[in-house]
Amino acid sequence: MSEIIPFPAERTAVLTGAASPRGIGRATADLLASQGWAVAVLDVDGDEAAAAAREIAERHGVPALGLRTDVTDEASIEAAIGRVEAELPAVVALVNCAGISSPTDVMDETKEGWERVFAVNMTGTFLVTQRVLRGMIERKLGRVVSISSISAQRGGGTYSKSAYSASKAAIIGFTRAVAREMGEHNITVNCIAPGAVDTDIMGGTLSDERKAAMAQDILVRRVGAVREIAALLAFLVGEDAGYITAATYDVNGGLQIS
Ligand code: NAD
């Protein structure tokens, strides 16, 4: 068998961490909606999630839900995915974007700080993925993409330090292991390792000076734009990406050559 299994015309993409107006998740939700996907914006910032869904629905004329969801909390995930499954078309794609940074030196790191970063970046990715996979396994169709980071490969170097790097490295192992189990269900599982992208996650909006300093080591001499990450995410959740699984994609302007 080598056929491409067609996607249903009406289908939903669930995106975590997709509320922040300048973030990767929001840009991806917008791009997917422009391609006809219904979208569910799940974010710990419930007001921004609702605003994002309203804006996306108005702009693209697709169904959209914005729900306050804490990816570290199973009850919160259950409530959100329950509503998505009840109110939107079948979930075909999950994009795990929720994440927090951590610029703490290893010698100053605390158990609480460490566990908080892992809870959001890694455990949150696990919990949401596991919940969404239930329906994907039943329907025998799914695309899961999570966001690792160049920080996993280089040990930081842009902003965040050990807890963040370790949590983002864990996402690569998680992706590969889940891909192994999900292949037989026609579900692909991949991740992206972005370099420095112009969002607010590195301690606030990047100044021109900071961007210029970062650009010095980047082969294409600039930081990335959210659209450039969204474009690859949209491809990886698309119908044509069914033969890509267990992969990690570098999108870093050449800052890391793997
Ligand atoms: P962002 O801060 O704009 O987006 C992160 C989002 O996650 C926010 O909307 C935030 O409210 C949400 N969030 C935080 N904790 C949450 C929780 N407990 N439950 C639900 N949502 C939660 O930053 P971004 O740059 O768009 O980051 C998106 C992803 O990309 C993150 O996983 C980040 O680690 C990763 N990443 C970013 C860069 C970069 O340079 N911007 C590079 C590599 C990887």
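The values are calculated or read from the model by the stated rules, or taken from the named source; none is laboratory data. Since we're looking at a predicted model, the values are computed, not measured. Note that each Cβ is placed from the backbone with ideal geometry, even for glycine, and that neighbours are counted across all protein chains shown. These accessible areas exclude ligands, DNA and RNA; they are computed on the full protein's heavy atoms, side chains included. Shrake-Rupley method; radii C 1.70, N 1.55, O 1.52, S 1.80 Å.
Looking only at region 157-172, filter to residues that are open to solvent by less than 40 Å² (accessible area, probe 1.4 Å) and among the hydroxyl-bearing types (Ser, Thr, Tyr); which one of those is modelled with the lowest pLDDT?
My answer is Ser160.
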Look through region 1-49, keep the residues that are of a type in the set (Asp, Glu) and outside any strand (DSSP E or B), and return whichever of them is farthest from the chain's Cα centre (by Cα). Glu3
Residue list for region 136-164, filter: more than 13 Å from the ligand (Cβ to nearest atom), in a helix (DSSP H, G or I) and among the aliphatic types (A, V, I, L, M): Met136, Ile137
When residues of region 20-29 are limited to those that are buried (at least 24 other Cβ atoms within 10 Å of the Cβ) and not aliphatic (A, V, I, L, M), the one nearest to the ligand (Cβ to nearest atom): Gly23
Of those in region 96-130 that are among the β-branched types (Val, Ile, Thr) and assigned to a helix (DSSP H, G or I), the residue farthest from Ala179 (Cα to Cα) is Val106
For region 52-79, what are the residues that are open to solvent by less than 30 Å² (accessible area, probe 1.4 Å), in a helix (DSSP H, G or I) and in contact (Cβ under 8 Å) with a residue 40 or more places away in the chain? Ile77
Can you tell me which residue within region 80-101, out of those that are touching a helix residue (DSSP H, G or I) at 6+ places or on another chain (Cβ under 6 Å) and either of a type in the set (Lys, Arg) or open to solvent by less than 10 Å² (accessible area, probe 1.4 Å) (or both), is nearest to the ligand (Cβ to nearest atom)? Asn96
Filter result for the condition that a residue is more than 16 Å from the ligand (Cβ to nearest atom) and without any contact (Cβ under 8 Å) to a residue 60 or more places away in the chain, over Ala49, Ala38: Ala38
Among the residues of region 122-133, are any open to solvent by 50 Å² or more (accessible area, probe 1.4 Å), over 21 Å from Ile244 (Cα atoms) and free of Cβ contacts under 8 Å to residues at least 60 places away in the same chain? yes
Only one of (1) charged (D, E, K, R); (2) at pLDDT below 95; (3) within 11 Å of the ligand (Cβ to nearest atom) is not met by Asp217, so which one is it? (3)
Pick from Gly173, Gly254: which is away from the ligand (no atom under 14 Å from the Cβ) and outside any loop (DSSP other than H, G, I, E, B)? Gly173
Test: residue in region 187-210 that is part of a loop (DSSP other than H, G, I, E, B), touching a Cys at 6+ places or on another chain (Cβ under 8 Å) and polar (S, T, N, Q): no
